[in-house]
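Accompanying notes for the structure given below.
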Amino acid sequence: MTNPLLKVRGLKIGATIYPPGEKSRDIEIVHGVDFDLAPGKVLGLIGESGAGKSTIGLASMAYGRGGVEITGGSVEVNGRDILHSGLRDVRRLRGAEVTYVSQSAAASFNPAKQIMEQVTEAAIFQNKFSRQDAEARAVELFRKLGLPDPENIGSRYPHQVSGGQLQRCMTALALCPQPDLVVFDEPTTALDVTTQIDVLAAIKEAIRDTGVAALYITHDLAVVAQVSDHIMVLQQGAMVEYGTTDQIINAPKEDYTKALVSVRSITHEEKQPTATPVLQVEGITARYAGTNFDVLKDITVDLHPGQTLAVVGESGSGKSTLARVITGLLPPSAGQITFDGRTLTPDLATRPLEDLRELQMIYQMADTAMNPRQTVGTIIGRPLEFYFGLKGAEKQKRIQELLDEIELGDGFQDRYPAELSGGQKQRVCIARALAAKPKLIICDEVTSALDPLVADGILKLLLNLQKIEDVAYLFITHDLATVRAIADSIAVMYQGNVVRYGPKSEVLSPPFDDYTDLLLSSVPEMKLGWLEEVLEHRKMESAGN
Amino acid sequence: MHPILTLVAQRLALGFLLLFAASILIFVGTAILPGDVAQSILGQSATPEALANLRAELGVDQPAITRYFSWLGGVLQGDLGTALTNGRDIAESLSSRLGNTLFLAFWAALIAVPLAITLGLLAVRYKDRWPDKLISAITLTTISIPEFMIGYLLIFFLSIQLPLLIGGMEFLPDGLRSWLLSNLRFSSVALMNDSMTLIEKIKSITLPIMVLTLVVLAHMMRMTRAAILNVMQSAYIETAELKGLGMLKIIRKHAFPNAIAPIVNVVMLNLAYLVVGVVVVEVVFAYPGMGQYLVDHVSKRDVPVVQACGLIFAAVYIGLNLIADIVSILANPRLRHPK
């Protein structure tokens, strides 16, 4: 590599943390990382949350998010050491030579300004282009990124375009000033798979056409394999492995990389339906108050005791609404729900305690599902008191049993949620649901906010607990890999309808309906050239039609 | 219909409803006031017959409901009734008083609002550094001192000590000294009459303007600071930083437009205070405004005047808050530009 565009040596990054009830202290989150990036190349930074990949990405703009500070090492962009230049020089670099695409374009666009103004702002401010040229360039980028109505989309406000479109606008924002390097920070993570594939293709093409170099940060190895030339695997702020994309995917050397490549290796034998389902949803139609369209249209599904029904679909398909109807939070306008042989009343308020107990829920955000001021023991103990009236030593014993079941050791009882990792929090939520000895647990995207390896652990735990407790799961997810891992039967939802429903083996085997085909083929596969294959295949199909 | 129009129409309707409710409250409140206007006019030695006659003459012997509706009917036609104590038309005496109050409030607001918002922006720009702390310290000190105290302090230093100080500066040329003396005069009495020019009027109320500014500054400044700091946590501020924009530009261009709603709310609250809450300042500077007029007539049990003043204060309060609401609605891009 002759003149690297970005040269990072011994990069150390620290932060100040404020643990509850303790003195604040400084910790190091990146422990000396080295890498080079040649002009026009793409380097994938991969790792789980907390691996320091975003922090490293932002360090290439000499930026520390929140209380994060670069404590050592050097970062050179175009031969200039940016860590030791003044703020004025750094500001000239940001938005001109290096630009940034964030995970959530929805939050990263100013809601009060038109898209065009924000996309061209850096280019104009940094004197790269005149307003007129910058706007012409933006329109060209909008067109290249496949945005509808590229001439006029800039005059819209961020809330007036969809999430996938806004993510492309963010890419246009980053490319508009003609930078040398773009930092893509999980640019497709928040998108649905069918949207992700298009945005991914648009980003890849834009990178190729403009010849810009990129740092592509993601936790999804299958995604990064599609766009990058090299991959660096990070774990807890240190480099684990660095190599070409081909080598990392096909011949990983380190154990950690191997685990990342082979993640989602759970195999689950599908169980046969029993005689009587524990949950029967019949002809459910529902809409939210004040709206005039049905979010759920005539939904009928069954769930058998001790089995898992996966409800899969994209955001807005109505899968979480189905959970709200079953739990009684949203009374349906038609249809009925039979649970364990009894007809459930539509409204939560009128349900007997027994129904409440036997139907529990686990949520996507374990953080917000727990009272931050209660200890784990109190959180798990509450349903024991509420449903079974347990007190004192008896309650303590049961709490400890539950903690053992979710594989958390001693000493967790007195901890607060803030002292737990993401996976541990979700485990506590599982224990809280189990404490009620339910017949059915509704799991709403319970692994979506977790890293793949942690998510794997949660899924294994859930499968294990299903065997022991004989509890049924209604598993809501957008992630098809999770579905494969855990489901006995599957309902595919699209725009409020169940478009495909049946045992797992049937639903996941051809012939597919159009939507299920689109959904299944959009899930990134961990092999090189997958993206091109799929796009080629789709092009041929649409040409054939 | 555009959703904004619907929302604004809703707010307006609500405002009128509130005003109507306020009129009932004011009426009930004044009706249950202890004391008897006839007694206070005629004195303790009045005979029961004389009292009864006067009550009938004033109409206070009618049932409350009848009195309320005849009062409300009059108000709707712009007739606020006549003062019981001096028989003058209330609307007439009120209009010049209200004019004075609004005049003072206008000039105080003209200085206080931009000053408070600018200080708030500066406090954010230099957050946790000395300019921020200094701004907070000064404004919090002035809000903590009672208004009348600030008034007297200003009178003491600016009306009394300053001329003495200038007079004592013998090293200055006489011409400059007399120019300073005549131009740096802060009147301790805020006179106000129709023959004064605008400049004279403003000069006359310089001290009350200062007092009011000092009183309302802190609240608006702190809210501006808090609202903008809140917005500064947003991801789009990071986007702006990563574009290389400077801090002041980020605050002005990206943070402020998203903080307008809370800022306008607190500004309007303070504007309302400038109109409704100036009684103390008016008394200190003997300013012929609404507050003094109200206080005078409360002590005389002159119920129609109290009601009229109450209603006007309520209207100002509701009106300004209505404006704040509407501005907040207009400031929301989601409502202004629906999908």
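We did not get these values from a lab; they are worked out from the coordinates using the rules stated. Nothing here was measured: the structure is a model prediction, and the numbers come from that model. We place every Cβ from the backbone using ideal geometry, glycine too, and count neighbours over all the protein chains shown.
What is the average number of partner chain Cβ atoms found within 10 Å of a Cβ in B:45-54? Mean partner-chain Cβ count within 10 Å for B:45-54: 0.
Averaged over the residues of B:242-254, the number of partner chain Cβ atoms lying within 10 Å of the residue Cβ comes to 6. Per-residue Karplus couplings for the range A:429-434, computed as 6.51 cos²θ - 1.76 cosθ + 1.60 with θ equal to phi - 60°, are listed in order as 5, 5, 4, 5, 5, 5 Hz, Gly and Pro entered as x. When Rg and the Kirkwood Rh are both derived from Cα coordinates, the Rg/Rh ratio for chain A amounts to 0.99. Return a whole-number percent for the relative contact order of chain A, with Cα pairs under 8 Å and 6 or more residues apart as the contact set. Relative contact order, chain A: 15 percent. Within the range A:230-354, the ratio Rg/Rh, alpha carbon atoms throughout and Rh by Kirkwood, equals 1.22. Rg and Dmax, both from the Cα atoms of the range B:173-282 and both in Å, are 20.9, 61. Computed packing ranks the peptides A:494-500, A:96-102 as A:96-102, A:494-500, most packed first, by mean other Cβ atoms within 10 Å.
So for the range A:485-545, averaging the separation of alpha carbon pairs under 8 Å that are six or more residues apart and normalising by length, what relative contact order in percent results? Relative contact order of the range A:485-545: 19 percent. A simple rule links phi to the HN-Hα coupling: the Karplus curve 6.51 cos²θ - 1.76 cosθ + 1.60 with θ = phi - 60°, which for the range A:405-422 gives 4, 8, 6, 9, x, 5, x, 7, 3, 9, 7, 9, x, 5, 8, 10, 7, x Hz, with x for Gly and Pro. About the centre of its Cα atoms, chain B shows a dipole size close to 1620 debye [charges on the beta carbon of Lys, Arg (+1) and Asp, Glu (-1) only; nearest 20 debye].
Annotation: amide H of B:G81 within the under-5 Å range of B:I90, B:A91, sequence separation 5 or more or interchain, hydrogens built in the peptide plane. Relative contact order for the range A:394-523: 17 percent, from Cα pairs under 8 Å spaced at least 6 residues apart, divided by residue count. Each of B:V113, B:F16, B:L58 was placed along the dipole of the range B:1-138 (beta-carbon charges, centred on the mean Cα), and the one lying farthest toward the positive end is B:V113. Of the peptides B:88-101, A:73-86, the ranking by mean beta-carbon count within 10 Å, highest at the top, reads B:88-101, A:73-86. Sparsely packed loop sites in the range A:440-545 (the GluC sites (Glu not before Pro) outside DSSP H, G, I, E and B with at most 14 other Cβ atoms within 10 Å) comprise A:E525.
Charges were assigned to the Cβ only: +1 to each Lys and Arg, -1 to each Asp and Glu. The resulting dipole of chain A about its Cα centre is roughly 1160 debye. Ranking B:G246, A:G163, A:A259 by how far each Cα lies toward the positive end of the dipole of the protein assembly as shown (charges on Cβ) leaves B:G246 at the top. Peptides A:321-327, B:10-16 ranked from most to least packed by the mean count of surrounding Cβ atoms within 10 Å: A:321-327, B:10-16. The amide H of A:V240, built 1.01 Å from its N in the peptide plane, has A:V233, A:L234, A:Q235 as neighbours under 5 Å, considering only residues 5 or more places off or on other chains. Ratio of Rg to Rh for the range A:479-524: 0.92 [Cα atoms; Kirkwood radius as inverse mean 1/r over pairs]. Amide H to amide H distances under 5 Å link A:G44 with A:Y216, A:D229, A:H230, A:I231, A:M232, where only residues 5 or more positions off or on other chains count and H is placed in the peptide plane.
With all pairs of different C-alpha atoms in the average, the Kirkwood value for the hydrodynamic radius of the range A:94-193 is 13.1 Å. Among the GluC sites (Glu not before Pro) found in the range A:126-159, those both in a DSSP coil and sparsely packed, with 14 or fewer other Cβ atoms within 10 Å of their Cβ, are A:E151. Every Cα-Cα pair in the range A:392-517 was counted, and those over 26 Å apart are 30% of them. Taking every residue in A:173-183 and counting other chain Cβ atoms within 10 Å of its Cβ, the average works out to 1.
Given +1 at the Cβ of Lys and Arg, -1 at the Cβ of Asp and Glu and no other charges, the dipole of the range B:59-187 around its Cα centre is 420 debye to the nearest 20. Remark: chain B is approximated by an ellipsoid whose semi-axes, taken from the C-alpha gyration tensor as √(5λ), come to 42, 33, 15 Å, largest first. Across all directions, the average projected area of the convex hull around the alpha carbons of the range A:236-281 is 6.7 nm². Applying both filters, DSSP loop and at most 15 other Cβ atoms within 10 Å, to the chymotrypsin sites (Phe, Trp or Tyr not before Pro) of the range A:268-339 gives A:Y288, A:F293. Here the range B:88-189 is treated as a sphere whose radius is the Kirkwood value from Cα pairs; by Stokes-Einstein at 25 °C and 0.890 mPa s it diffuses with a coefficient of 142 µm²/s.
Using the Karplus relation 6.51 cos²θ - 1.76 cosθ + 1.60 with θ = phi - 60°, the per-residue 3J(HN,Hα) values for the range A:110-124 come to 5, x, 9, 10, 5, 4, 4, 4, 6, 5, 8, 3, 5, 4, 6 Hz, with x marking Gly and Pro.
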